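The values are calculated or read from the model by the stated rules, or taken from the named source; none is laboratory data. Everything quoted here is computed from the prediction, not taken from an experiment. Every residue, glycine as well, gets a Cβ built from its backbone with ideal geometry; the counts of neighbours run over all protein chains shown.
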Amino acid sequence: MAHYYLNLINGYGFTPDQEGEDFPDLDAARERAKESVRSILSDEIKSAGLINLRGRIDIADHRGAVVTTLPFRDAIELKLDDSPPEREAK
């Protein structure tokens with residue numbers, strides 16, 4: 001298990017993950033980051049009718065070094081027309 005921190009950077013500023021969490025690997029941490037982004041976007045849609053994709057989550061290791069970044073836009077699939085989706089919904 002590895003300890004990672006999911007630090008949020010968006011239009012409101014920088015929100016550090018004070019506690020972090022243990023994950024089996026970096027892919028699992030990235031999946032949790034995707035879930036977090038989707039929850040944030042869902043809350044913004046409900047409260048303000050807004051989808052702001054300019055944020056990101058920096059995933060940092062136990063030393064605080066950023067090992068990967070998840071831009072908000074990479075956490076969702078945005079369909080704007082009637083064309084078929086490019087991938088299956090999960």
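Checked against (1) of a type in the set (A, V, I, L, M); (2) free of Cβ contacts under 8 Å to residues at least 60 places away in the same chain; (3) in contact with a Phe, Trp or Tyr (Cβ under 8 Å, 6 or more places away or on another chain), LEU70 meets all criteria but (3).
Name the one entry in VAL67, VAL37 that is out of contact with any Ser or Thr (no Cβ under 7 Å at 6 or more places or on another chain), surrounded by 17 or more Cβ atoms within 10 Å (Cβ to Cβ) and not acidic (Asp, Glu). VAL37 is the lone residue from the list that is out of contact with any Ser or Thr (no Cβ under 7 Å at 6 or more places or on another chain), surrounded by 17 or more Cβ atoms within 10 Å (Cβ to Cβ) and not acidic (Asp, Glu). Taking residues in region 1-20 that are hydroxyl-bearing (Ser, Thr, Tyr), and partners anywhere that are in a strand (DSSP E or B), the pairs with Cβ atoms closer than 6 Å and at least 6 places apart or on different chains are TYR4/PHE23; TYR4/ILE59; TYR5/ALA60; THR15/LEU8.
One line per residue, one yes/no per condition, for (1) part of a loop (DSSP other than H, G, I, E, B); (2) at pLDDT below 95; (3) surrounded by 11 or more Cβ atoms within 10 Å (Cβ to Cβ); (4) within 13 Å of the chain's Cα centre (by Cα):
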{"residue": "LEU8", "(1), (2), (3), (4)": "no, no, yes, yes"}
{"residue": "PHE14", "(1), (2), (3), (4)": "no, no, no, no"}
{"residue": "ASP22", "(1), (2), (3), (4)": "no, no, yes, no"}
{"residue": "SER42", "(1), (2), (3), (4)": "no, no, yes, yes"}
{"residue": "ILE57", "(1), (2), (3), (4)": "no, no, yes, yes"}
{"residue": "ARG73", "(1), (2), (3), (4)": "no, no, yes, yes"}
{"residue": "LEU78", "(1), (2), (3), (4)": "yes, yes, no, no"}
{"residue": "PRO85", "(1), (2), (3), (4)": "yes, yes, no, no"}
